[in-house]
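What follows draws every value from the coordinates through simple rules; no lab data is involved. Keep in mind that what you see is a predicted model, and the values were worked out from it rather than measured. Cβ sites come from the backbone with ideal geometry, for glycine too, and all protein chains shown count toward neighbours.
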């Protein structure tokens, strides 16, 4: 487990030192969301209806923006070779890097979302569900994204390829995430949709690190 | 000075072949190292020195043959990583972290609590720079920082790919000293190098001699296609 702790600690230190990376993601999220009232018009009814979807789509795109760099820097400066040679299963490295990615992008996105929800006139009943759905959904976003990021490693235009690869896989998260928010606003129980998001997260945490580790080993060969 | 000595170990390979991009780089290559041994890999550019080192590290896959640690065939290459330190062409230095933070990361990764960043940096002439961000280092200093990994997290087998690149005379002496010290403690070294040698009494393995002749390459290529 020393590998997990060491990589997590280093990635967090790097993210803190180079906070511009995390800030870009947050800024993109904020700008994307704020564009909607400008484009759709300021009627609070219209905005309230689309608020859940807008927040989710913007959060997914913002997360995607940062995934590109998840393994690229380590790959290019030779660190990845050394991480493969840690003597421990590479899965721990993937888990640590994904955890660091979630802590530096997913978590700030969650914390920022209520503020942006205000600009979209999200009804008060929706906030709890929005935070719960984002908390359950964003870890899956990071995990699936890690597989994509590992697969496109070393290819030119990896960022574009990455969006083709992972955005379709984000569709279920988007659907159930948005349904949770809308359900809460309508006063319907959102247990089912939140449970599905939780199930996806559990599934991803078990499978994704292995897939990503296999792709990383392929890339370093 | 660190006094840790390594348990006696052997590292050997037999009948090794490696194919990259359909080309057979070398074939029927064999080597054997015991505690305190050093092997210098020689051969022209493209003869497969780096490939062989990556093969020994378990980073590249073997096409044929097998390698053994203490006489036992290596099957779990992930675990094999704990036996070795690999220094490649890329320095794996994080510019945003200080010299000490870089070294402490490697120490934690390989779980060697006895490793001391300051001491390791000093051995490679970076002692006065431990608290500087690595982005301020010159190319040679970065490479020395990469080499300091060997000291901060000891492992019995060192695989060094052209470790003398970008190093000045004083640093070459420092490198020669840590290699000699490593061998005295029972460590093994495999080093690919063209130029000035930093190992004494090392065996020489000419990787170029195992490159199949052009004609054979074609034949193997075709026989596989059919």
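Odds and ends about this structure:
- Convex hull of region B:10-225 built on C-alpha atoms - directionally averaged projected area, nm²: 12.2
- Here residue B:32 and residue A:73 are evaluated by their C-beta separation; at R0 = 45 Å the FRET efficiency comes out at 0.75.
- Using a Gaussian network model of chain B in which every pair of alpha carbons under 10 angstrom is joined by a spring, one finds that among B:173, B:45, B:104 the greatest mean-square fluctuation is at B:45.
- Placing a label point 7 Å from the Cα of residue B:181 along the Cα-to-Cβ direction, the residues of region B:16-44 with a backbone N closer than 18 Å are B:36-37.
- Estimated from helices alone, the mean residue ellipticity of chain A at 222 nm is -28500 deg cm²/dmol (sum of -39500 (n - 2.57) over DSSP H runs with n ≥ 4, per residue).
- Spin-label model distance (nm) - residue B:114 vs residue A:111, 7 Å beyond Cα toward Cβ: 4.2
- Two-site FRET efficiency, residue A:210 against residue B:135, from Cβ-Cβ distance with R₀ of 30 Å, rounded to 0.05: 0.30
- Taking the empirical scaling 2.2 N^0.38 Å for compact globular proteins as reference, region B:125-190 has a Cα radius of gyration ratio of 1.12.
- Between region A:1-27 and region A:115-133, the Cα center-to-center distance that results, in Å: 28
- Shape parameters for region A:2-220, alpha-carbon atoms, Rg then Dmax in Å: 17.7, 58
- Choice from A:88, A:182, A:43 with maximal GNM fluctuation in chain A (Cα, 10 Å cutoff): A:43
- Using a cutoff of 8 angstrom between alpha carbon atoms and counting only pairs six or more residues apart, the relative contact order for chain B works out to 30 percent.
- For region B:109-174: relative contact order, % (alpha-carbon pairs under 8 angstrom, 6 or more apart): 40
- Two-site FRET efficiency, residue B:23 against residue A:118, from Cβ-Cβ distance with R₀ of 60 Å, rounded to 0.05: 0.45
- Within the protein assembly as shown, percent of DSSP bridges classed antiparallel, to nearest 5: 50
- CD proxy at 222 nm, helix term only [per DSSP H run n ≥ 4: -39500 (n - 2.57); per residue of chain B; nearest 500]: -9500 deg cm²/dmol
- Label-to-label distance, nm, for residues given as residue A:169 and residue A:38 (7 Å Cα→Cβ offset): 3.3
- Part-to-part distance (alpha-carbon centres) for region A:152-196 and region B:149-176, which is given in Å: 48
- Reciprocal of mean inverse Cα separation for the protein assembly as shown (Kirkwood radius, Å): 24.2
- Angle of helix B:169-184 to the longest C-alpha principal axis of chain B, folded into 0 to 90 degrees and rounded to 10: 70°.
- Label zone of residue A:17 (point 7 Å out along Cα→Cβ, amide N under 12 Å): in region B:128-152 this covers B:131-137.
- Cα gyration tensor shape of region A:149-221, rounded if a/c is under 1.5, else prolate or oblate by comparing a/b with b/c: oblate
- Choice from A:104, A:46, A:140 showing the highest fluctuation, given a GNM over chain A with Cα pairs closer than 10 Å: A:46
- Relative contact order (percent, whole number), region A:139-219, Cα cutoff 8 Å, 6+ residue spacing: 51
- Acute angle (nearest 10 degrees) that the helix B:99-109 long axis makes with the longest principal axis of chain B, alpha-carbon atoms: 60
- Net lengthening on full extension, residue B:10/residue B:89 (0.36 nm per residue, minus Cα-Cα): 25.9 nm
- Mean-position separation - Cα centroids, region A:68-103 and region B:97-128, in angstrom: 20
- Here chain B carries DSSP beta bridges of which approximately 50% are antiparallel, counting only pairs with both residues inside.
- Within 10 Å of each Cβ in A:5-15, the average number of Cβ atoms from other chains: 4
- Principal-axis tilt of helix A:126-151 within chain A, Cα atoms, nearest 10 degrees: 30
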